[in-house]
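Heads up: the structure comes next, in structure tokens.
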Amino acid sequence: MTHDITAKLTNFANSAQKTRLVIDLVRGKPALEALDILATTPNKAAAPVRKLIYSAISNAEENFGVSRDDLVVYRIFADEAPTRKWRRFGARGRFKPMLKRRSHITVILRETE
């Protein structure tokens, strides 16, 4: 019987576009191989995504009794979170907006048969 194990990270302080560059590396890979790939990836998003996948693996072992060797990254995606709009005042009375982008990351692991 296949279980879909889900873990979510909300309001991660990185844009969804930059996060997608990292999660594209591990989509469809075995979960343990994905952890190894993310351990050597130098991007800012690699460490939180690695921690999220590790959390999903732990959920699978604890809640469903699934072995970590049988898990595959079935789906992983990053959606945009609300953008924090900030401002900086420029010369001659101008206004310079700053957009602090965030993202929501979701990972779904599935047991191989």
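When the range 62-95 is limited to residues that are of a type in the set (Phe, Trp, Tyr) and in a strand (DSSP E or B), the one that is nearest to Lys8 (Cα to Cα) turns out to be Phe77. Can you pull out every residue in the range 12-31 that is surrounded by 15 or more Cβ atoms within 10 Å (Cβ to Cβ) and more than 15 Å from Ile105 (Cα to Cα)? Of everything in the range 12-31, those that are surrounded by 15 or more Cβ atoms within 10 Å (Cβ to Cβ) and more than 15 Å from Ile105 (Cα to Cα) turn out to be Lys29, Pro30, Ala31. The number of residues in the range 59-113 being farther than 27 Å from Asp4 by Cα and of a type in the set (Val, Ile, Thr) comes to 1. Contact map, the range 86-113: first residue without any contact (Cβ under 8 Å) to a residue 12 or more places away in the chain, second residue surrounded by 10 or more Cβ atoms within 10 Å (Cβ to Cβ) and part of a strand (DSSP E or B), Cβ cut-off under 9 Å, separation 6 or more or different chains; pairs are Arg87/Lys96; Arg88/Lys96; Phe89/Lys96; Gly90/Lys96. Taking the range 18-52 as the range and being without any contact (Cβ under 8 Å) to a residue 24 or more places away in the chain, part of a helix (DSSP H, G or I) and not basic (Lys, Arg) as the test, the residues that pass are Glu33, Leu35, Asp36, Ile37, Leu38, Ala39, Ala47.
Within the span defined as the range 67-78, every residue fails to be under 13 Å from Leu109 (Cα atoms) and touching a His at 6+ places or on another chain (Cβ under 7 Å).
Run down Glu61, Glu33 and say which single residue is of a type in the set (Asp, Glu) and out of contact with any helix residue (DSSP H, G or I) (no Cβ under 9 Å at 6 or more places or on another chain).
Details: Glu61 fails: out of contact with any helix residue (DSSP H, G or I) (no Cβ under 9 Å at 6 or more places or on another chain).
After applying the criteria, what remains is Glu33.
So which pairs qualify, if the first residue must be in the range 53-79 and without any contact (Cβ under 8 Å) to a residue 60 or more places away in the chain, the second must be among the acidic types (Asp, Glu) and part of a strand (DSSP E or B), the Cβ gap must be under 6 Å, and the two must be at least 6 apart or on different chains? Pairs that qualify, where the first residue is without any contact (Cβ under 8 Å) to a residue 60 or more places away in the chain and the partner is among the acidic types (Asp, Glu) and part of a strand (DSSP E or B), are Asp70/Glu111.
We did not get these values from a lab; they are worked out from the coordinates using the rules stated. Since we're looking at a predicted model, the values are computed, not measured. For neighbour counting, all protein chains shown are included, and Cβ atoms are generated from backbone atoms with ideal geometry for every residue, glycine included.
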